[in-house]
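Single-structure report; data block below.
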Amino acid sequence: MEVAGIAAEVVARVEREATDLLTQLIRLDTSNPPGNETIVAEALDTWFRQHGLEGEIVGEPAERRSFVLRLTGSRPGPRLALMAHEDVVPAEAQNWTEPPFDGLVKDGYVWGRGAIDVKNLLAAFAVAVARLADDGRDFAGEVLFVAEADEEDGAIGGARWLCANRPDLVSCDYLLNEGGGEFLTLDGGQRLYELHVGEKGTAQFRVVVHGEAGHASVPLAHGNAVVGAADVIRALHDYEPEISLDAVPREYVRLLVDDAGLRARLLDATAARDGLAELGERDRLAAELLAPLYGLTFSPTIVHSSGEAVNVYPQQAVVTVDCRMPVGWTEDRVRDEIERALASVDARWELEFVGTVEGNASPVDTPYLAAISGVMQRLVPGASVVPVHSVGFTDSNWFRAAFPGVVAYNFAPFVVDDSAAVAGLFHNVDERIAVADLTFQSLFAYELVRELLA
Ligand SMILES: [Zn+2]
């Protein structure tokens, strides 16, 4: 692998060290639940001690601890945290081509659960931090290495715990976390990298539809809870929530859509809905990237009836809905939208929210964004970095909520595999990462520290 402006022997050494550490970490099974992340915290502690650095294993319960290490630069300055979670989602070994917890390196890839989500970043950041120490800590301020427990399930919430209980240890000015960094190659050869600067909120809910119990041999004109549930699902699916352009970056639309007329429609709130449908016909990938940025989404995912017997009308049917709300929205505002969506539903229903976390975002006009763009343009000629909100939740949310001054971005850049190649690997069988991408993520983190904390 060659990287513009970085000596070949540095690239080779980073590749060797990051690959070696990642394979070790994959072999430590931290499937969540139950997590057992302390085995990874201890392995990182040992690894850093071998490099002459000392961190702290923190958190509770004892088997679910996080690891935090602080590296102070040679002069004062701001604090940048490099964060990645220790846990992984479970894997069913029988469906994999290679065993998920062997940490195998094959054909230029590291295989296994956590290879891309996100033990790759633990390894990449650890190697970058050790290099910074070896190179005389030639930076201003402090670099934090944060390996947090329980991101995937959130039962104990390692990041939430750290923010609440150890702000002395983890509060920071800048946070670099998982997500973002995938790229698309445009027709002209330009590479478009997504930088996630904010995250939509989640407001998952259930609609409980009440019906009239009775013998199903007599058809009901009204009062069949199952039919009511069908009406609810259809109404939510067809509902057109208010279009908002607040989180739609013009630059992103400009780069993704080359037709000027369509571009104009996509940036006009009154025409955007039709514009998105038109884009979907022409370029499904671009439409899938843009559509969630326009506002609230309802996705019904689970349907249950209280019925046990085929010949009895059930008392209730329950529709569970995944709902993502724009930054700045609250549960109350979502409730209003649901009531509007279901206004025409004949059945009697009740609403229960089952998990709400408000979204949040960091500003984009910052030296941090400039540093990320600068490093990417230097290392990957033709790269442009576009700030967008992500639809998924990450632990950056807790940091923004706990430390209002922090600028938290999610960016783990790839150079070999593009977004189409990596999209299917998260939480899936045969999770793996190109050794070149792992190496690049470590080189990028090191260069970012040197650029931002100059
Ligand atoms: Zn993750």
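The values are calculated or read from the model by the stated rules, or taken from the named source; none is laboratory data. Since this is a predicted model, take the numbers as computed values, not measurements. When we count neighbours, we look across all protein chains shown, and the Cβ atoms used for this are built from the backbone with ideal geometry, even at glycine. For the accessible areas, the whole protein counts, side chains as well, though only heavy atoms, and no ligand, DNA or RNA atoms are used. Shrake-Rupley method; radii C 1.70, N 1.55, O 1.52, S 1.80 Å.
Side notes on the structure shown:
Matching residues to (1) at pLDDT 95 or above; (2) within 23 Å of residue 205 (Cβ to Cβ):
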residue	(1), (2)
349	yes, yes
368	yes, no
382	no, no
393	no, yes
403	yes, no
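- The condition of being touching a strand residue (DSSP E or B) at 6+ places or on another chain (Cβ under 6 Å) and more than 25 Å from residue 323 (Cα to Cα) holds for residue 416.
- The C-beta contact set for the stretch 292-317 (first residue touching a residue at least 60 places away in the same chain (Cβ under 8 Å), second residue open to solvent by 80 Å² or more (accessible area, probe 1.4 Å) and of a type in the set (S, T, N, Q), distance under 8 angstrom, 6+ apart or interchain) comprises 306/315; 311/217.
- Test: residue 347 is closer than 30 Å to residue 212 by Cβ, in contact (Cβ under 8 Å) with a residue 60 or more places away in the chain and in contact with a helix residue (DSSP H, G or I) (Cβ under 7 Å, 6 or more places away or on another chain): yes
- Of note, residue 24 does not satisfy the criterion of being surrounded by fewer than 18 Cβ atoms within 10 Å (Cβ to Cβ), over 21 Å from residue 166 (Cβ atoms) and without any contact (Cβ under 8 Å) to a residue 24 or more places away in the chain.
- Residue 357 vs. criteria touching a strand residue (DSSP E or B) at 6+ places or on another chain (Cβ under 6 Å), open to solvent by 10 Å² or more (accessible area, probe 1.4 Å) and among the aliphatic types (A, V, I, L, M): yes
- Taking the stretch 264-284 as the range and being touching a helix residue (DSSP H, G or I) at 6+ places or on another chain (Cβ under 9 Å), assigned to a helix (DSSP H, G or I), farther than 15 Å from residue 386 by Cβ and not small (Gly, Ala, Ser) as the test, the residues that pass are 265, 273, 274, 276, 278, 279, 281, 282.
- Condition met for residue 235 (surrounded by 17 or more Cβ atoms within 10 Å (Cβ to Cβ), in a loop (DSSP other than H, G, I, E, B) and either under 26 Å from the mean Cα position of the chain (by Cα) or of a type in the set (A, V, I, L, M) (or both)): no
- Output for the stretch 407-432, where each listed residue is more than 13 Å from the ligand (Cβ to nearest atom), touching a residue at least 12 places away in the same chain (Cβ under 8 Å) and either surrounded by fewer than 21 Cβ atoms within 10 Å (Cβ to Cβ) or in a strand (DSSP E or B) (or both): 407, 408, 409, 416, 417, 418, 419, 420, 423, 429, 430, 432
- Residue within the stretch 330-338 that is among the polar types (S, T, N, Q) and open to solvent by less than 60 Å² (accessible area, probe 1.4 Å) present: yes
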